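Written below as structure tokens is the structure these notes are about.
Read-outs throughout are calculated quantities, based only on the coordinates presented, and are distinct from any laboratory measurement. Quick caveat: nothing in here was measured; it's all calculated off a predicted structure. Using ideal geometry, Cβ is built from the backbone for each residue, glycine included, and neighbour counts are taken over all protein chains shown.
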Ligand code: OFO
């Protein structure tokens with residue numbers, strides 16, 4: 001069984017992952033309205049991935065005979081100001097999630113909870129990858145985003161995401 005501190009912090013993380021899913025879904029709906037179907041698909045798949053992250057934490061608590069406490073999920077943003085700004089919001093959000101995952105690692109380290117430390121490693125690596133993917137999209141949006149043909153090609157490319 002894990003400590004109350006680790007238990008609480010993981011429950012908070014479950015909520016953050018589900019909120020991330022809500023945020024990506026909200027963005028996906030908006031992008032679809034704009035006709036950016038590839039970006040809409042990419043964010044929708046990302047929402048699914050976030051729910052999977054939440055479930056991974058959920059399963060971990062159960063495996064460790066700890067308590068799952070599901071809290072209210074806050075309302076995500078639903079007004080956005082253009083595609084580059086959406087991806088900047090994603091980037092800032094993912095940086096907060098990285099910090100939050102690092103806090104779990106720090107708490108586990110302080111408690112010499114090796115099992116949680118090893119479990120949370122997967123999330124740390126996932127965050128590095130996510131931040132990098134989003135940063136790469138932002139770089140290209142900043143370079144070409146004003147050009148409609150380039151935006152069309154990027155939308156097509158992002159729409160090829162399979163999972
Ligand atoms: Fe956006 O990543 Fe979950 O943890």
* **Cut-off 17 Å, label 7 Å out along Cα→Cβ of residue 114, residues of the stretch 1-16 by amide N** => 1-3
* Asked: Where a ≥ b ≥ c are the square roots of the eigenvalues of the C-alpha gyration tensor, would you call the stretch 4-159 rounded, which needs a/c under 1.5, or, failing that, prolate if a/b is larger than b/c, or oblate?
  -> prolate
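As a footprinting exposure proxy, order 101, 68 by other Cβ within 10 Å, with the fewest listed first. Walk me through the intermediate numbers first.
Values: 101 22, 68 14.
Sorted ascending by nearby Cβ count, the order is 68, 101.
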* Alpha-carbon centroid distance for the pair the stretch 61-99 / the stretch 119-163, whole angstrom -> 17
* So how tilted is helix 4-34 from the main axis of the chain? Cα-based, degrees 0 to 90, rounded to 10. -> 10
* the chain, helix-only ellipticity at 222 nm - DSSP H runs n ≥ 4, -39,500 (n - 2.57), divided by all residues, nearest 500 -> -28000 deg cm²/dmol
* Could you compute the FRET efficiency for residue 52 and residue 85, with r as their C-beta to C-beta distance and R0 at 22 Å, rounded to 0.05? => 0.25
* Structure fact -> Relative contact order as a percentage, the chain, C-alpha pairs under 8 Å and 6+ apart, gives 30
* To do: Using a Gaussian network model of the chain whose springs link C-alpha atoms within less than 10 Å, name the residue from 118, 20, 66 with the highest mean-square fluctuation.
  => 118
* Structure fact -> With 0.36 nm assigned to each residue of separation and the Cα-Cα distance removed, residue 156 to residue 68 gains 27.7 nm
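With N set to the number of residues, divide the alpha-carbon radius of gyration of the stretch 87-151 by 2.2 N^0.38 Å and report two decimals.
1.50
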